[in-house]
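J.: First, the structure itself, so that you have it in front of you.
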């Protein structure tokens with residue numbers, strides 16, 4: 001756990017943050033290598049702060065000076081439900097099937113995928 | 001004759017088909033047979049043999065009746081496996097989409113089929129196009145055909161020479177490495193790639209083919225599985241600049257299904273035969289003499305600038321002060337878009353589904369854990385980090401501001417009278433797989449996209465043209481960047497340059513022997 005503390009001090013990455021990111025992303029870090037990958041990615045991004053952007057507007061798209069095409073609001077396609085449902089692994093009577101919803105991921109300590117002990 | 005036939009350009013083969021010198025079926029069979037012979041390249045994830053032969057027969061019938069659909073009728077092409085193809089598996093080289101069969105065609109694929117092109121298969125890539133080596137896909141790395149060339153083997157010691165079974169083979173670059181390898185090894189006449197940070201131009205450069213990244217908004221992205229929506233463009237890989245122009249003519253133009261394609265009329269063009277350089281102003285950005293640029297590529301770049309100057313073009317050193325930040329800017333914007341774009345892969349509607357069933361969230365988490373590789377999961381997590389409420393302004397908005405500075409640098413130059421920028425495409429020639437994987441994907445992407453990424457930030461058209469062979473006998477590409485929607489001007493300059501350098505034809509000694517041999521062109525006039 002000592003190396004863990006050192007890592008957290010250096011990058012402001014906390015266990016709570018890792019937990020939060022895993023819940024948001026619905027992707028797990030898998031192992032400490034995954035955490036180090038995030039740490040390196042954040043470190044790399046810091047270089048942005050060397051650029052002076054005072055008074056610069058953020059740029060979302062290179063087509064910002066044009067009106068994007070809007071089609072008429074008419075139905076041009078449809079009735080593909082059957083074909084689309086075939087792409088799903090599980091369906092019943094025209095519905096996609098999901099396991100029970102509104103159940104958050106288990107707490108960190110109960111999550112068996114969370115940062116495998118053998119990797120730390 | 002077959003070998004020569006396969007080495008023809010798209011325009012030559014199109015003329016041969018029209019004149020009946022070769023039939024669509026015969027041509028298709030030859031390509032399929034070469035795909036089998038070169039299987040060790042791992043350029044294709046799916047070879048659509050039956051479909052291709054059916055398409056070729058239909059094409060042959062159209063020629064018989066004197067009613068071909070267009071210049072591409074009967075021409076074998078390949079498509080990167082991140083474009084949706086109706087009825088044909090589309091995997092993005094990911095376990096997540098293994099077995100996924102799209103119900104519709106990407107617009108660019110449809111346009112090729114409408115012209116009568118014969119689709120040979122789907123080409124290999126880095127998983128979800130995230131990479132610069134074509135080494136990080138679920139179906140294994142792509143091998144650079146030049147590893148097996150007479151040119152390369154002749155230059156290296158017999159013991160270190162690449163044989164199909166050994167391990168010293170070279171990477172293709174990426175992420176459209178499968179498409180570049182397919183075009184380079186003569187298994188198809190043109191291929192679609194995609195380009196978000198250099199993914200078409202980078203492998204084109206390392207595989208000695210032409211790689212065109214068109215202006216953002218000129219070609220439809222409908223059906224291209226997205227990486228970064230504001231930067232992705234379909235890319236074109238061919239063996240010469242004329243062919244790239246021909247492909248662009250088929251693919252360009254507004255698509256009602258992609259609101260980010262512009263509505264300005266697009267006129268397909270042929271490049272003029274005589275091009276006078278006197279009226280061109282070529283800018284050479286000084287920031288591109290970056291640390292790490294190989295001295296050989298620097299020399300080729302500098303000779304190219306001299307060539308333009310001697311031909312009467314105005315060549316001037318220019319500055320793009322913010323270009324150095326395009327990689328870090330891309331690092332943040334790409335991760336943010338990936339975090340959002342990958343949210344669609346939840347295991348419920350299509351693609352891989354885990355057996356976890358405690359809850360919907362557990363199912364989604366397990367599906368994504370099983371389906372994505374480390375690179376993709378890493379970008380999703382860092383993207384979510386950059387987009388956190390407390391980080392949003394500091395990283396995401398900051399990167400968008402830097403993006404504007406990068407784009408403005410280009411706009412200023414083009415306003416000042418510069419027509420075309422001339423730069424290297426990559427820092428180095430192709431390296432061996434073992435050398436390449438010593439660094440991680442993020443580090444490699446940062447190195448390899450350094451000259452190509454900025455054009456995506458600004459949405460500009462850019463093309464990599466094979467320029468010379470290195471001392472090791474490997475291709476070196478140079479990049480031309482043009483004004484938005486000025487593909488004609490860009491490709492005119494690229495074609496003029498191509499004619500000057502006379503880049504040698506890849507000699508796949510032994511591999512293509514069964515097909516036939518071709519006269520060896522030892523060195524290009526440019527290189528000697």
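J.: Roughly how many whole Å is it from the C-alpha centroid of the range A:59-88 to that of the range B:87-121?
T.: Between the Cα centres of the range A:59-88 and the range B:87-121 lies a distance of 19 Å.
J.: By per-residue mean of other Cβ atoms within 10 Å, what is the highest-first order of B:230-237, B:273-280, B:31-38?
T.: Top to bottom by mean Cβ count within 10 Å: B:230-237, B:31-38, B:273-280.
J.: How do B:329, B:156, B:28 line up, fewest other C-beta atoms within 10 Å first?
T.: Working: B:329 27, B:156 15, B:28 24.
Listing B:329, B:156, B:28 from fewest to most nearby Cβ atoms yields B:156, B:28, B:329.
J.: At q = 0.07, 0.10 Å⁻¹, what log₁₀ I(q)/I(0) does chain B have when each alpha carbon counts as one equal point scatterer in the Debye sum?
T.: Ignoring solvent entirely, the Cα scatterers give -0.35, -0.74.
J.: I want the antiparallel fraction of DSSP beta bridges within chain B, as a percent rounded to 5. Mind showing how you got there, number by number?
T.: On the way: 32 of 47 bridges.
Here the share of antiparallel DSSP bridges comes out near 70 percent.
J.: Also, quick follow-up: In terms of the Cα gyration tensor, with a ≥ b ≥ c the square roots of its eigenvalues, is the range B:224-352 rounded because a/c is under 1.5, prolate because a/b exceeds b/c, or oblate? Show your work: numbers first, answer last.
T.: Numbers: a/c = 2.54, a/b = 1.44, b/c = 1.77.
Oblate, since a/c reaches 1.5 and b/c is not below a/b.
J.: What does DSSP give for the protein assembly as shown in terms of the percent of beta bridges that are antiparallel, rounded to the nearest 5?
T.: Once the DSSP bridges in the protein assembly as shown are tallied, antiparallel ones form about 70 percent.
J.: Report relative contact order for chain B in percent, whole number only (criteria: Cα-Cα under 8 Å, sequence separation at least 6).
T.: 17
J.: Moving to a separate point now. Express in whole angstrom the spacing between the alpha-carbon centres of the range B:352-371 and the range B:176-207.
T.: Each part's Cα centre sits 34 Å from the other's.
J.: Related question: Need one value for B:351-364: mean number of C-beta atoms belonging to other chains within 10 Å of its residues' C-beta atoms.
T.: That average works out to 5.
J.: At what distance in angstrom do the alpha carbon centres of the range B:425-490 and the range B:42-68 lie from each other?
T.: 33
J.: Return the average number of partner chain Cβ atoms within 10 angstrom of each residue Cβ along peptide B:374-386.
T.: 6
J.: Then there is this: Summing -39500 (n - 2.57) over the DSSP H runs of n ≥ 4 in chain B and dividing by its residue number, what mean residue ellipticity at 222 nm do you reach, to the nearest 500 deg cm²/dmol?
T.: It comes out at -11000 deg cm²/dmol, rounded to the nearest 500.
J.: Over all directions, how big on average is the projection of the convex hull of the alpha-carbon atoms in the range B:439-484, in square nanometres? Don't jump to the answer; show the numbers that get you there.
T.: Values: hull surface 16.3 nm².
Averaging across all directions leaves 4.1 nm² for the Cα convex hull.
J.: Using Cβ counts within 10 Å as a stand-in for footprinting exposure, how do B:389, B:155 rank, fewest first?
T.: On the way: B:389 6, B:155 15.
The fewest-first ordering by Cβ neighbours comes to B:389, B:155.
J.: Per-residue Cβ counts within 10 Å, from other chains only, averaged over A:86-93: what number is that?
T.: 4
J.: Something else now. Once a ≥ b ≥ c are taken as the square roots of the eigenvalues of the Cα gyration tensor of the range B:162-282, is the result rounded (a/c under 1.5), prolate (a/b larger than b/c) or oblate (a/b not larger than b/c)?
T.: oblate
J.: For the range B:244-380, calculate the relative contact order in percent as a whole number, restricting contacts to Cα pairs under 8 Å that are 6 or more residues apart.
T.: Relative CO of the range B:244-380 lands at 17 percent.
J.: Return B:139, B:386, B:128 ranked ascending by Cβ neighbour count within 10 Å, so the fewest neighbours appear first.
T.: Ranking B:139, B:386, B:128 by Cβ neighbours within 10 Å, fewest first, gives B:139, B:386, B:128.
Taken together, the values in this text are just the output of simple stated rules run on the coordinates, not laboratory data. Note that the structure is predicted; figures quoted are calculated from it, not measured. No Cβ is skipped: glycine too gets one built from the backbone with ideal geometry, and neighbour counts run over all protein chains shown.
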